Each structure stands twice: as structure tokens, then as C-alpha cells.
Amino acid sequence: MAAPSSEIEPALVEAIGNYQAGRLDQAEASCQRLLRRDPNHPAVHQLLAVVLMQRGKMRAARDHIERSLAARPDHVVSLLIAGKAARAEGDAAAAARRFQRAAALAPDAAEPVYLYGSTLLELGDTAAVVALRLLLDRHPSHAAGWCELGVAWKKFGEISVI
């Protein structure tokens, strides 16, 4: 049975504080305690995924972010975390799908489009040029985007966007 929100929130805030202060052991332990009280709490699974990523435990991180996404499939931040965990584990195709969905849900945000374009570049997909040009049309001062677009142009040549 899920614990009421009023019981979870203060403990979650404390766990976030531990994470932000670099106390990863305490943050992880807090998340584990919270999940015993509410095994399906998406925010707790999300935080635990981030903590586990910081600790280099990508498989466990992916499991927890997937549980978070099961409850909130269109949560942009969770999609980005899922994509980053997949990419860190070497699953660039899964990462690209997560980043693409996040970019569709947050069309004005730079990070999802950048991550999508750079992951496509990693995959050797010429669509990286299109994604990165879209990023730079919307965010012309995105320095990392320009760098990735330069790499993409060098790799694929300039691709027309119609």
C-alpha cells in the first residue's frame, strides 16, 4: 500500500538534499526506505536512478527509471534520464528513442534535441544533421550544438533540410 504523499514528501526532500550534497550512500538508502513505503512512487524511482547513475550502476539505474516512466510515460526529465542511462550503458538506439520522445514533448527545450542529435551522430545516422540544425535554428547560441553539427558535416557532408 502506498504511503500518503504527506509522509513521502519530507523524506524525498531529505533524500534530494543528500544527493545534492554528494552523500550518495545516504540518498540511496533513503530512496530504498521510501520504496518500501511506496514501491511505485515515480519520483523516488527517478531520484534513485540518478543516484545509481552517479555510482556507475547503469543497469539498476535503467530499471528504476523504467519504473518511473511506467507511471509517467511522458515525463520529459525521466525520458532524459532514461536516455542518458541507456547511452552510458552503450545502448545508443534506445537512448535516441528516449531523447526523440523528450524532444517531441518539449519542442522549445534545447537539451532533448541536442541529446537526440548527438546520439544520432554517434549511431552514424545522417538524421543527426537535421536534428542539430533544428536545435541551432531554435537555439543559435548553443555552442555544443555547433560543435556537433561541425562533426556531423565533416562526417556526412552538408545535408539539405527542406
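Each value in this text was obtained by applying a stated rule to the coordinates, not by laboratory testing. These figures come from a predicted structure and were not determined experimentally. Backbone-built Cβ (ideal geometry, glycine too); neighbour counts: all protein chains shown.
Some notes on this structure:
- Counting Cα-Cα pairs of region 1-73 in 5 Å increments starting at 0 gives whole-percent bin shares of 4, 20, 30, 26, 16, 5, 0.
- With contacts taken as Cα pairs under 8 Å and at least 6 residues apart, the chain reaches a relative contact order of 12 percent.
- Charge tally for ALA109 (other residues, Cβ to Cβ under 13 Å; Lys, Arg +1; Asp, Glu -1): 0.
- Percentage relative contact order, region 92-162, counting C-alpha pairs under 8 Å, at least six apart: 25 percent
- Taking the Cα centre of the chain as origin and assigning +1 to Lys and Arg Cβ atoms and -1 to Asp and Glu Cβ atoms, the resulting dipole is close to 280 debye.
- Within the listed set ALA106, ALA143, ALA27, the residue fluctuating most in the Gaussian network model of the chain (springs between alpha-carbon atoms under 10 angstrom) is ALA143.
- Gain in span if fully extended, GLN54 to LEU105, counting 0.36 nm per residue against the direct Cα distance: 15.8 nm
- For region 115-130 versus region 143-157, the inter-centroid distance based on Cα atoms is 10 Å.
- Taken over region 92-162, the alpha-carbon convex hull comes to 74 cubic angstrom per residue.
- With Cα atoms defining each centre, region 37-64 and region 76-105 are spaced 15 Å apart in the structure.
- Zero-based 5 Å bins, Cα pair distances in region 19-162, whole percents: 2, 11, 18, 18, 17, 12, 10, 6, 3, 1, 0
- Once the Cα-Cα distance is subtracted from the 0.36 nm per residue extended length, the ALA71 to LYS155 segment shows a gain of 26.3 nm.
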